[in-house]
Structure formats: C-alpha cells, structure tokens
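Worksheet: one structure, shown below.
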Amino acid sequence: MSCSDADVAFYHEKGYLVCPDLIDSEEVEQLLRDTANLARGKYPCESLRPLPDTMSDDEVLRRILCIHQPHFISPTMLEFVKHPHTAQVLSRIIGPSVKCMQSMLFVKPPGFQGQAWHQDEIYIPTRDRSLTGGWIALDDATLENGCLWVLPGSHKEGYLYPQRPHDLPEEFDFAMESHGFDESEEVPVEVKAGTVVFFNGYLLHRSRKNRSASCYRRVLVNHYMNAYSLLPWQVREGESPATADRRNVVMVAGEDPYAWKGYETPPNNVSLRKCKAVEESDSQSPREAGEAD
Ligand SMILES: O=C(O)CCC(=O)C(=O)O
C-alpha cells in the first residue's frame, strides 16, 4: 500500500487524507464481528457485561454510540491499531516512529447523535502537534448516516479554538463545540467501508446525527502521534505538565526512545460515550443496556 509524495503534500496542506481500500473486506467483516462481540460482553468488563446469546446483533448494538479504548480488552482491536497499511501511511505523514494512545469504536445507530466541531488536540495534547486520527470506515459513511465533515486547512496555524456548550442535543452528543471560525468551506467526507481517513489533531471536524432509517455508521478511529513526543495527557495532581508522559501507549512503527520508562498496563475496562439517544434508551431499559446499576 503506497502513500505517494502527493498524498503526503495533500495531508500537510489540507489536514486530512482519504485512503480507499486500506482495509480489505474480510478485515472489515472481522472488525464488525468483533464490534458485536464487544457489545455482547464477550470480553467481560465493568462497562460491558455479558448479554444473552438470544439477543440479535441489532439488539446488542442499538444502544451504543461509542466504546472508548476497545483495544484495552479486545485483541482484534489491538491488532487493527497496529495494522501494517495504516502504520505505513502514518510513518509517512507523522514520521518514522509512531505510537497510539487511544481507540474509539463508534457504532452510531440510526437516530444517534454526532460530534460537534472540535480539534482533537484540545483533548489529547502532544508536544509537537503530531496527533493524527486514523478513521477506519466499517460501513459506507454517507451524508445520511452521519459521515465525517472537515474544514480543510484549519489545522495549519496550530491555533486551538475556544470551546463552549452547544444547544443542539438532537444533533450532537454532549461534548463541547469549538467556535470562532468561518465554517462555510466545510466538506463532507463520504467514503466506502474499508477506507481510512487520516486527519491532523488541529483539524476542525464534526459529524452529524445518523438520519438513516436502518444503517449503522460504524467506525474504528485510532489516535496516533510521534513516538519522540512526550504525551502530557490526563496530567495527574502534583505532576508537572512539562515532564508528564502517559505511557499507556502501543508502538506502531519505528522506535520508542522512551522505552526505558516502561509501559502502563491498560485497565481491563472500556467506557461508553453518552448522547441524548443513549440516555433515552438507558432510561427505558438500563439492565439490557449492560450498564452498571
Ligand atoms: O466519527 C465521528 O463521528 C467523529 C470522530 C471524531 O470526532 C474523532 O475521532 O475525533
């Protein structure tokens, strides 16, 4: 799988890159099966308890917006964090040494909310602006089911826009929205399953509600950075942001110059993202939703 010089130049200019067919159809099927297994609690943890085998895939999936850090508990998700085709592109657009600190598995059933405008480095700060999303489409992502939208070039200045609560709970989940920019040049990124969309951590992006009648919009999005940068994320009390460095990371390419620090063992748990649709379904049937009492 090659990533040309023109692809790298496009990424640096626009802040994103669409790579069709980076993941083949059998691998997409494997990820979809694993998504259902996670939702069924086949990797039991506090947030995802085992559900009866009599429940259909649709019944187990339709209450989930997003599972955070699925690679902590699923070996399949961990394998795809390190997929050689995505690693090859990442080592061209980030640099030869790449590590991953986050995975998110969006299920986004029909009627579920999207994410308001944001820049990922607001949440996951790197020291060299190298944060990069690798967004693997597991269904065709369309305008109707809530594809990604990006504001090309918005990463370039390295400016982090202020955030505020939004007042569109039908359209977006509970995360804040970035504001203070002209959004008129935004473009939808409609892609086929198996495509990987790479995007810079300063790129403004969002996704809208899934308005389709029956199509899920499943995506595995992993976040990567230059392994030479410290990761001052989730800074702990008493810790200096200058030296903070979370070590719950997975090496994906090249060398880890901080390997001497060792690695944190991931918790045997994931967390579930909330939105209006999740709260409505939980209030109808919290036990079946697999949530803690
Ligand atoms: O896929 C989506 O709906 C949003 C993904 C996103 O915002 C992100 O990965 O930062």
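What follows draws every value from the coordinates through simple rules; no lab data is involved. Treat the numbers as computed from the prediction; the structure is a model and nothing was measured. Virtual Cβ from ideal backbone geometry, glycine too; neighbours counted across all protein chains shown.
Backbone geometry of region 4-15 corresponds, through the Karplus equation with coefficients 6.51, -1.76 and 1.60 at θ = phi - 60°, to 3J(HN,Hα) couplings of 6, 4, 5, 4, 5, 5, 4, 4, 5, 6, 9, x Hz, x marking Gly and Pro.
In terms of packing, defined here as the mean over residues of other Cβ atoms within 10 angstrom, the peptides 61-68, 49-56, 216-223 line up highest first as 216-223, 61-68, 49-56.
Tell me, 3, 100 in order of fewest to most beta-carbon neighbours within 10 Å?
Ordered by Cβ neighbours within 10 Å, fewest first: 3, 100.
As a rough footprinting exposure proxy, the listed residues 224, 263 were ranked by other beta carbons within 10 Å of their own, and the order from fewest upward is 263, 224.
Restriction of the GluC sites (Glu not before Pro) in region 105-166 to DSSP coil positions whose beta-carbon has at most 14 other beta-carbons within 10 angstrom yields 157.
Inter-part distance, region 168-200 to region 46-118, computed on C-alpha centroids, equals 17 Å. With the highest mean first, a sort of the peptides 194-201, 34-41, 274-281 on other beta-carbon atoms found within 10 angstrom per residue produces 194-201, 34-41, 274-281. Phi angles of region 31-40 translate, via the Karplus equation with coefficients 6.51, -1.76, 1.60 and θ = phi - 60°, into HN-Hα couplings of 5, 5, 4, 5, 4, 5, 4, 4, 5, 7 Hz per residue; Gly and Pro are given as x. Scanning residues 5 or more positions from residue 148 or on other chains, those with amide H under 5 Å from its amide H are 189, with H placed 1.01 Å from N in the peptide plane. A helix-only calculation puts the chain at -5500 deg cm²/dmol for mean residue ellipticity at 222 nm, using -39500 (n - 2.57) for each DSSP H run of at least four residues, averaged over all residues. With contacts taken as Cα pairs under 8 Å and at least 6 residues apart, region 75-187 reaches a relative contact order of 29 percent. Each residue of region 5-133 gets 140 Å³ once the volume of the Cα convex hull is shared out per residue. Counting beta carbons within 10 Å around each of 120, 256, 182 and listing the fewest first gives the order 182, 256, 120. Proximity of backbone amide H atoms, modeled 1.01 Å from N, is registered between residue 177 and 164, 166 at under 5 Å, excluding neighbours fewer than 5 places apart on the same chain. Given q = 0.07, 0.09, 0.13, 0.16 Å⁻¹, what are the Debye log10 I(q)/I(0) values for the chain, with equal point scatterers placed on the Cα positions and solvent ignored? Debye output, listed in q order: -0.25, -0.41, -0.91, -1.43. Once C-alpha pairs closer than 8 Å and six or more residues apart are averaged by separation and normalised to the residue number of the chain, the relative contact order reads 30 percent.
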